[in-house]
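This report concerns only the one structure given below.
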Amino acid sequence: MKSLNTLEKLSHKLTEKLLANTKVETQIKLAKVVLPHYYGKGIIGRSKNY
């Protein structure tokens, strides 16, 4: 019973890690889409101020 319980805990941790990884990947994909658009407006405008 103990080994089953630890296996369940391990699989739960693994799924959490996988979910976290996919979340990060989707965030990176979003960032790649959003950031160039965002930076194109923001940073060029800011760099002129310096």
### Task
For region 27-39, state whether one or more residues are at pLDDT 90 or above and among the polar types (S, T, N, Q).
no
### Message
Go through region 1-26 and report how many residues are part of a helix (DSSP H, G or I) and at pLDDT below 75.
### Response
0
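The values are calculated or read from the model by the stated rules, or taken from the named source; none is laboratory data. Worth saying up front: this structure is predicted, and the values here are computed from it rather than measured.
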